[in-house]
Structures are given as structure tokens and as C-alpha cells.
Amino acid sequence: MSSPPQTIRWGILATGGIAQTFTRDLLVDPSTRGVHNIKHTVVAASSSSSTSRAQDFLEEVGAPSDAKAYGSYEEFVKDPNIDIVYVATPHSHHYQNARLCLEAGKNVLCEKAFTVNAAQARKLVDIAKTKNLFLMEAVWTRYFPLSIWVRETITSGKLGPIARVTADNSMALNPEQNFPDGKHRMVNPDLAGGALLDLGIYSLTWLFQSLYTTQDPKERQKPVVQAIQKIYTGPNVDGRSSDEHSSIVISFPRSKDAGGDAHGIATTSLVVATDPVPGEHSIPSIRIQGPRGEIQVFPPAFRPTRAKLIISNGPDGKPVVEDKTFPQPGPGSGSGWTNGFGSDRNAEGEGHGMFWEADEAARCILSGQQESATLSWDESIIIMETMDKVREYGGSRFPEKIETLDFPVAL
Ligand SMILES: NC(=O)c1ccc[n+]([C@@H]2O[C@H](COP(=O)([O-])OP(=O)(O)OC[C@H]3O[C@@H](n4cnc5c(N)ncnc54)[C@H](OP(=O)(O)O)[C@@H]3O)[C@@H](O)[C@H]2O)c1
């Protein structure tokens, strides 16, 4: 007889766009995706502005009626019923907010980008280690069945040693017109705005999960990074420095036996789109190339549902193309339930796909693991170091109050 599912009790810190999407997915019955040993519940949520905002949020997402609403993050982290906090503030605030949770003895799943810089990420990891807590950067895409299939295809050796990966995650957001007051988190340097930390993290994720995560942990070495940026100069950012585009070239060291060094090219932009015909998804945003063929992953890079495996010379000497789709599960059509991000709605009954990372966090906590093997602390830190390097080359700098290691700092 199988044992009953174990329940993980979540606290949600922040009430914005992604907090809504994540929490709605979190509350979907895990058996709809074949997960029978875990259950998630929401026991509390906090807004930084008012208890009533947190209460409205809990009602909007359909949380249990006894979930507690807080109007202060400091009060919320004292709640003894919370097993893990999902931090969903802008990335400028992640270091302060995640640290607040860890200092209070809470496990943490923290939205991407993990922090503003690598020093902050290292500090959070040090605290988690010392306090024996679970900590994970919420790069949800890594936990999709599509990403698992990509990594397994790479390690199977079918394509030979992967020599090059190109990845783009760009959106034509028309920022000058849409964010004219310069306050939106996509452009505002006070909120660590710009393409790199918000969108470029996904381009880098594809390079890293293809060329770094797939290596034996004992063989992994730090990559060599080069980059250029264009600084955003739209209205009301006062010449401060979020990036409009970043273009990054990386060499991943590998032994000669493993294929030698592999190259990655990651691009990101706020003003041009990966997919010029929105929703058509006809142009791959990611190409993972080996001597015997390639994997193509179709946009959006953060929530892909389609990939192609192309073997240049099949058994009869002809190319073999496998077109694969990975629809997101959920309560299903006829359920009346929908999710999505912002104004984009998924089909009725289709999950957004954020529950996979929640399942991973729950599995780690229940088995006493402090970090996820799919995105280790070491890898999150190296990705933050990569983004630090990109900003050093490109000149994007944020105010000291959000780059600092000082704690607590009121933002
Ligand atoms: N995984 C994904 O697909 C995905 C998608 C979008 C965004 N994100 C990440 O999620 C984070 C939040 O993005 P979002 O789109 O949800 O942003 P958002 O809609 O602006 O929400 C951010 C929330 O953070 C809280 N907050 C606290 N202090 C704040 C301040 N000074 N300025 C603004 N908000 C403040 C607010 O909630 P309360 O005050 O009520 O607490 C606010 O609603 C970012 O790090 C972003 O990179 C991830």
C-alpha cells in the first residue's frame, strides 16, 4: 500500500504578478501531473503594504480560508506554521527578503534572478548552510519535463559532445512608450531593472543547463565570459544604468575526452523579440548543437512546450526529425480553472508549469536536502558571477543600497 502524501506548508512573500501565478499553480492537485507523494498548501501570505492586500491576494488565488494574512514581512516570517517561503518581490529586494526569512529559520524558494550580485548569493548560501535550511533559486523552467528530456538527450551522447548552444530570450516591450515614468521594474535601476537579470537569466539558464549541469559535478569548471551591453536611456531613468540588450559569449571548459571546450552565446533584449510573430513560435529560441545533430527549443525560452530533435544521419542515412510537445498538465478542460502571467492566459485547465519547481523544493525538504541537484548553490552563484561580469563589461550598475551585503536595509 502506498503511503499518504506528505504536506508542505507554504508562505508567500509578496502579492504581485508572479506570486499570483505561482500560488495558483501550487494549489493544483499534484495527482494531475502524476505526483502522488506530495501535497502543497498555503498557510500564510504577506504584503509589504497592508494586511488587506494580503487577504485579497489569498482570496484571489483560492487559498484555504484559514490561511493567515500579514501586512509586514517581519511579522510574517515569525509564523510557526510555515515550512517554506516563496519570495516573489523584485530582484532588487531578494537579498533582503530571502535573508529575513533565513535569519528567521525558514526554508526559501527565491524568484529569479537570485540576487543582484554574486556576493549576495554567496551570503544567502552561507546562512542557509549554517542554519541547515533549504534554499533554491526559482528557475522554474529547469524542472519542466521538456528540460529534463533535453538534459537526458544531451547526456545520452546521441548528438555527440555538444559543441555550441545559442539561446535568446528577448521581448519587444516598447519600454519608452510603456514605462514612461521609468518606475517599472523592467527598466528601473532601483529595482535592478534591465533585460539581463529579468530575461537574460533564461538565455543563460539554457547555456548552463546544457553545458554545465550535464557535466559530472566533479568535472565542472568556471566558464570564461565576454559580453557587451547597450544601456537603456529611456525617459526618467536619469542616465542610470539598466541594460536594453546584453550579448554574452561563454566558453565552458571541458576535458578533451568530453569534447573539449564548448561555446555558448546568450542574448537578451527589451526592444526586439525572439519571436517576431507573437505566439507563432516558429523560430527556435535555443539551439543545442553537436556533431551528429541538434536540439531546437521553441519560444518562449522561460516556458517552452515544443522541441525538436534533429539527427543529421539516421539509420538509413537520411535525417531524422522528432517534433515533440510537452503540454503543461493541470485540472484539465471543463474545470473552469485558468492560470497565466499578467494578461496572458493559458488554455482552460492548463497549469502554468510553476508547480514542478514547488514539487522539487518539497522533495528536497522532505528528504533533508538543503539544495537542489538540478540547480545547485554552486551553479546559481556561478550564474550570478557571470551576470556580474556582463555588467562589468557592459557598464550596467545599480544603486549601492541594492548591491550591498548590509542587512537589514530598508528599500
Ligand atoms: N518565474 C517567472 O516566470 C517570473 C515571471 C515574472 C517575474 N518573475 C520574477 O518575480 C519577481 C517579481 O516579479 P513580478 O512580475 O511579480 O513583479 P510585481 O508584479 O511588480 O510584484 C512584485 C511585488 O513585490 C512586492 N514589493 C515589495 N516591495 C516592492 C517595491 N519596492 N516595489 C515593487 N514591489 C514591491 C509587492 O507586493 P507586496 O508589497 O504586496 O508584498 C509587489 O506586488 C522578480 O524578481 C521577477 O524577476 C518571475
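Need pairs with beta-carbon distance below 7 Å; first residue more than 20 Å from residue 348 (Cα to Cα) and away from the ligand (no atom under 11 Å from the Cβ) and within region 3-25, second among the polar types (S, T, N, Q) and not in a strand (DSSP E or B); sequence gap 6+ or separate chains.
5/37; 6/37; 9/81
Listed here are the residues, each with its yes/no results for (1) open to solvent by 40 Å² or more (accessible area, probe 1.4 Å); (2) more than 13 Å from the ligand (Cβ to nearest atom); (3) among the β-branched types (Val, Ile, Thr).
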position	(1), (2), (3)
194	no, no, no
200	no, no, no
209	no, yes, no
232	no, yes, no
250	no, yes, yes
268	no, no, yes
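Using the structure shown, decide if residue 110 is out of contact with any helix residue (DSSP H, G or I) (no Cβ under 7 Å at 6 or more places or on another chain) and either open to solvent by 10 Å² or more (accessible area, probe 1.4 Å) or closer than 17 Å to residue 47 by Cα (or both).
no
Being open to solvent by less than 70 Å² (accessible area, probe 1.4 Å) and out of contact with any helix residue (DSSP H, G or I) (no Cβ under 9 Å at 6 or more places or on another chain) is the requirement here; does residue 260 meet it?
Here the answer is yes, as residue 260 does meet what is asked.
Which is open to solvent by 10 Å² or more (accessible area, probe 1.4 Å), small (Gly, Ala, Ser) and more than 16 Å from the ligand (Cβ to nearest atom), of 118, 128, 104?
Exactly one residue qualifies, and that residue is 104.
Which numbered condition in (1) at pLDDT below 95; (2) open to solvent by 50 Å² or more (accessible area, probe 1.4 Å) is the only one that residue 325 fails?
(1)
Tell me, yes or no, whether region 182-205 has at least one residue that is over 18 Å from residue 229 (Cα atoms) and without any contact (Cβ under 8 Å) to a residue 24 or more places away in the chain.
Looking through region 182-205, at least one residue is over 18 Å from residue 229 (Cα atoms) and without any contact (Cβ under 8 Å) to a residue 24 or more places away in the chain.
Could you grab the pairs with beta carbons closer than 9 Å, sequence gap of 6+ or different chains, first residue in region 342-365 and without any contact (Cβ under 8 Å) to a residue 60 or more places away in the chain, second one open to solvent by 20 Å² or more (accessible area, probe 1.4 Å) and assigned to a helix (DSSP H, G or I)?
Every condition considered, the pairs that remain are 349/32.
Only residues in region 210-229 that are over 22 Å from residue 151 (Cβ atoms) count as the first member; pair them with residues that are part of a loop (DSSP other than H, G, I, E, B), Cβ under 6 angstrom, at least 6 apart or cross-chain, and list the lot.
That search, which allows pairs on different chains as well, returns 229/396.
Name the residue that is nearest to residue 91 (Cα to Cα), counting only residues in region 363-398 that are open to solvent by 10 Å² or more (accessible area, probe 1.4 Å) and of a type in the set (S, T, N, Q).
Checking each candidate, the answer is 376.
Which of the residues spanning region 234-248 are in a loop (DSSP other than H, G, I, E, B) and either hydrophobic (A, V, I, L, M, F, W, C) or buried (at least 22 other Cβ atoms within 10 Å of the Cβ) (or both)?
Selection gives 237, 242.
Name the residues in region 50-66 that are away from the ligand (no atom under 12 Å from the Cβ), open to solvent by less than 70 Å² (accessible area, probe 1.4 Å) and within 26 Å of the chain's Cα centre (by Cα), would you?
If the condition is that a residue be away from the ligand (no atom under 12 Å from the Cβ), open to solvent by less than 70 Å² (accessible area, probe 1.4 Å) and within 26 Å of the chain's Cα centre (by Cα), then 61, 62, 63 are the ones that fit.
Can you find a residue that is open to solvent by 10 Å² or more (accessible area, probe 1.4 Å) and within 8 Å of the ligand (Cβ to nearest atom) anywhere in region 26-46?
Looking through region 26-46, none of the residues is open to solvent by 10 Å² or more (accessible area, probe 1.4 Å) and within 8 Å of the ligand (Cβ to nearest atom).
Of these, 153, 166, which one is within 30 Å of residue 260 (Cβ to Cβ), open to solvent by less than 30 Å² (accessible area, probe 1.4 Å) and out of contact with any helix residue (DSSP H, G or I) (no Cβ under 8 Å at 6 or more places or on another chain)?
Matching residue, one of 153, 166: 153.
Please go through region 67-85 and give me each residue that is of a type in the set (Asp, Glu) and either within 12 Å of the ligand (Cβ to nearest atom) or open to solvent by 50 Å² or more (accessible area, probe 1.4 Å) (or both), ordered by number.
Across region 67-85, the qualifying residues are 74, 75.
Taking the condition of being surrounded by fewer than 19 Cβ atoms within 10 Å (Cβ to Cβ) and within 12 Å of the ligand (Cβ to nearest atom), how many residues in region 344-359 meet it?
The qualifying residues number 1.
The values are calculated or read from the model by the stated rules, or taken from the named source; none is laboratory data. Being a predicted model, the structure only gives us computed values, none of them experimental. Quick reminder, even Gly has a Cβ in these numbers, built from the backbone with ideal geometry, and neighbours come from all protein chains shown. For accessibility, only protein heavy atoms count, side chains too; no ligands or nucleic acids. Shrake-Rupley method; radii C 1.70, N 1.55, O 1.52, S 1.80 Å.
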